[in-house]
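Just below is one structure, and these are the notes that go with it.
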Amino acid sequence: MSSTDLTDLLVEDHRILDRLCTELGLGQGSPEHRKDLADHLLATLTRHTVAEQRHLPGAAGSRQLAEAEDLMHRLEAAGPQEPQFESLLGALVRAIRRHTKEDERGVVDRLRADHSADELRELGEQVVRDRRDAPTSPHPATSDRPPGSQVLMSGPGFVDRVRSAVDPG
């Protein structure tokens, strides 16, 4: 994506999330592949959530994101063979779809109405910088932090590790 407009970045996140939800909704692949795909969904959603919480506190889609956050924590601990894995994954997909639909109906339009193109570009550039720097650059105050490749290993605590990597502040 070449645009750094915040609304364009959020909409692109929504498209990526939708594609992942669609692929997971097909129910195909081995349990391990589905777990890997679910972990990718969790990391993408966490990255999106951090951007929204940092730049859009109190946004309309916050309720769905709070619901998704709870589901992510429950899902990250579930193995792909466990019975609750698919039901948690389905609930997460529904919460994500509600969030993206509500965001695009209200939040994105309100951002475009309330901010100039230059402001949206600057906000988007901040998000791009945060995302570019997060996974590989530990916070300067935490030199003992593990490298990004270890931070992003799946399993219990995965969502919190992704959030810390994306939002070191």
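What the table shows:
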item	result
Condition met for A134 (among the small types (G, A, S), touching a helix residue (DSSP H, G or I) at 6+ places or on another chain (Cβ under 6 Å), open to solvent by less than 20 Å² (accessible area, probe 1.4 Å) and modelled with pLDDT of 75 or more)	no
V128 being modelled with pLDDT under 85 and either within 21 Å of R47 (Cα to Cα) or assigned to a loop (DSSP other than H, G, I, E, B) (or both)	no
Residue check for T44: over 25 Å from H115 (Cα atoms), within 11 Å of the chain's Cα centre (by Cα), among the polar types (S, T, N, Q) and at pLDDT 85 or above	yes
Qualifying residue in region 7-15 (condition: modelled with pLDDT under 90 and of a type in the set (D, E))	no
Residues satisfying the stated conditions in region 5-55, i.e. surrounded by 17 or more Cβ atoms within 10 Å (Cβ to Cβ) and basic (K, R)	R34, K35, R47
Condition met for R145 (at pLDDT below 50 and among the basic types (K, R))	yes
Subset tally (residues that are in contact with a Pro (Cβ under 6 Å, 6 or more places away or on another chain) and either aromatic (F, W, Y) or modelled with pLDDT of 85 or more (or both)) for region 77-108	2
Some residue of region 84-93 being within 16 Å of the chain's Cα centre (by Cα) and within 18 Å of D13 (Cβ to Cβ)	yes
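The values are calculated or read from the model by the stated rules, or taken from the named source; none is laboratory data. The structure presented is a predicted model; accordingly, all values stated were derived computationally and were not measured. All Cβ positions, even for glycine, are placed from backbone atoms using ideal geometry, and neighbour counts span all protein chains on display. The protein model used for the area step is the full one, side chains on, heavy atoms only, and it has no ligands, DNA or RNA in it. Shrake-Rupley method; radii C 1.70, N 1.55, O 1.52, S 1.80 Å.
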